[in-house]
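Input: a single structure, listed below in structure tokens.
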Amino acid sequence: MTLTSNAIDRVAQMTSAPAPRRGLGISAKLLLLTLGFVMLAEVLIFVPSIANFRVNWLKERLQSAEIAALAAEAAPDGKLPEMLRQELLNAAQVRGIAVKRHDRRQLVLAAEMPPDIDQHYDLRTASVWTKIMDALATFIHRDGRIVRVIDQPAMGTSEMIEVVMAEQPLRQAMVRYGLGILGLSLIISGITAGLVYLALNWLLVRPMRRITQNVVDFAANPEDARRIITPSPRTDELGRAEMALAGMQRELRDMLQQKTHLAALGLAVSKINHDLRNILASAQLISDRLGTVKDPTVQRTTPKLIASLDRAIRLCQDTLQYGKASEPVPQRAPVVLRRLAEEVGESLGLPRPGLIEFSVAVPVDLTVHADPDQLYRVLGNLCRNAMQVLDGPGATRPGAVTVRGFRNGSGTIIEVGDNGPGIPQRAQANLFVPFQGGTRPGGTGLGLAIVQELIRAHGGNITLARTGDDGATFRIEIPDDVTGQRV
């Protein structure tokens with residue numbers, strides 16, 4: 001049960017959400033972004049809008065000035081009383097009015113002391129960009145400026161009309177207009193942001209909060225089926241995400257339950273294996289004594305008994321070895337491959353003259369950067385498997401086990417092959433799966449599973465390079481270590 005608790009704790013650590021940090025939520029961020037984007041759009045609209053407002057305001061003044069000029073020209077002898085002249089100028093909000101007819105410019109109305117002119121504006125030739133820049137200049141410059149404005153007359157009474165006026169009323173009107181636009185923009189932004197906030201909160205934020213809370217709750221107890229999320233009937237991306245999350249949670253729950261059962265079973269098997277190995281060791285000692293008995297029947301059956309006990313003891317050792325929580329981290333060092341392979345052969349009693357040949361086709365100076373003990377176990381398992389195949393019922397010719405090694409780019413290739421009957425097709429699919437990848441009757445497949453685990457710990461890989469009636473070959477690839485060290 002300890003293994004299961006540790007597994008659940010690791011899953012909970014991986015799936016649990018970190019402690020929440022204080023800050024703006026998604027809803028608040030969406031609200032602020034919407035406000036900002038709407039205000040930005042309003043600013044982009046405001047600049048040409050205020051320029052257009054300025055032009056229209058000036059045209060209204062020019063039209064009023066044209067009417068005042070017509071009234072002045074209608075007076076007897078073209079002379080107006082001073083009071084009436086001032087009233088016409090005040091009504092048009094200008095300081096002076098001039099018109100051009102037949103290429104002659106005529107001053108129609110003017111104050112007694114014409115002011116100095118600070119800026120000239122010709123609306124007839126102004127481009128859009130010029131109008132925008134002139135509008136911004138009106139905001140920037142000081143009050144009290146006097147400007148001269150020229151345009152075509154609206155009523156066609158002359159070829160051109162020009163007025164001299166103070167810029168301050170225009171600036172005040174533009175400020176009032178800008179404040180009105182600003183207030184309207186704030187109202188539009190608020191309404192738009194509120195609607196977007198409510199819509200996104202309903203469509204996105206609330207479902208996302210539900211999914212997040214479910215992940216946190218499920219991580220607290222992944223084996224509780226009640227904590228699996230119930231997908232909503234939505235068919236969009238969030239609906240598909242909920243369905244995928246529910247499927248993943250069900251698979252994770254089933255996997256944890258299975259691992260719970262396997263952990264309990266593995267603990268029981270480990271205890272049984274430990275005691276069984278001691279019993280078998282005692283039985284092996286007794287069987288060794290039987291070998292000294294001269295009875296022909298005993299002499300004939302004792303080797304078979306001893307071989308069976310050896311297989312049973314190896315099965316116990318492999319099961320206990322594979323049942324460890326994890327293999328130690330490889331302590332990599334330069335290993336002379338040929339010397340190591342020859343040691344493996346000697347420990348297995350190879351070669352066996354007339355029965356099994358053993359050859360090491362490895363250059364004398366070839367070294368591999370690996371853990372020597374773990375690499376010894378790898379080669380020992382593979383060579384032992386080859387010996388057992390060659391001793392099996394399918395062997396019809398003298399056996400041969402070969403270990404080859406060579407460099408390949410930034411790594412070392414090791415091949416262990418035999419000339420046996422090959423690996424059955426049904427065993428190839430689960431070749432490295434424990435308790436399923438056995439290649440011979442009575443095999444458990446633990447040897448190959450352990451070999452694969454050790455090679456992967458070195459960052460390498462093991463594959464079945466060849467199999468057939470002429471034997472099988474396993475290919476091991478061990479890359480140089482990350483420091484680039486190799487001999």
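Using the Karplus curve 6.51 cos²θ - 1.76 cosθ + 1.60 with θ = phi - 60°, what ³J(HN,Hα) values do you get for each residue of the stretch 120-135, in whole Hz, with x for Gly and Pro?
Going residue by residue, I get 10, 10, 10, 6, 6, 10, 6, 7, 4, 4, 5, 5, 5, 5, 5, 5 Hz, with x marking Gly and Pro.
By how many nm would the segment from A137 to R466 lengthen if fully extended, with 0.36 nm per residue of separation less the alpha-carbon distance?
Stretched fully, the A137-R466 segment lengthens by 109.9 nm.
What's the extension gain from L198 to I211 if we count 0.36 nm per residue and subtract their Cα-Cα distance?
My answer for the length gained is 2.8 nm.
Return the FRET efficiency for the residue pair R240, H120: r is the Cβ-Cβ distance, R0 is 60 Å, and the value is rounded to the nearest 0.05.
Taking R0 as 60 Å, the efficiency between R240 and H120 is 0.35.
So how do 464-470, 58-64 stack up, highest first, on mean other-Cβ count within 10 Å?
58-64, 464-470
Full-extension gain between V336 and L366, please, as 0.36 nm times their residue separation minus the C-alpha to C-alpha distance.
10.2 nm
Quick note: the coordinates plus some simple rules give every number you see, no bench work behind them. Fair warning: this is a prediction, and the values are worked out from it, not measured in the lab. Using ideal geometry, Cβ is built from the backbone for each residue, glycine included, and neighbour counts are taken over all protein chains shown.
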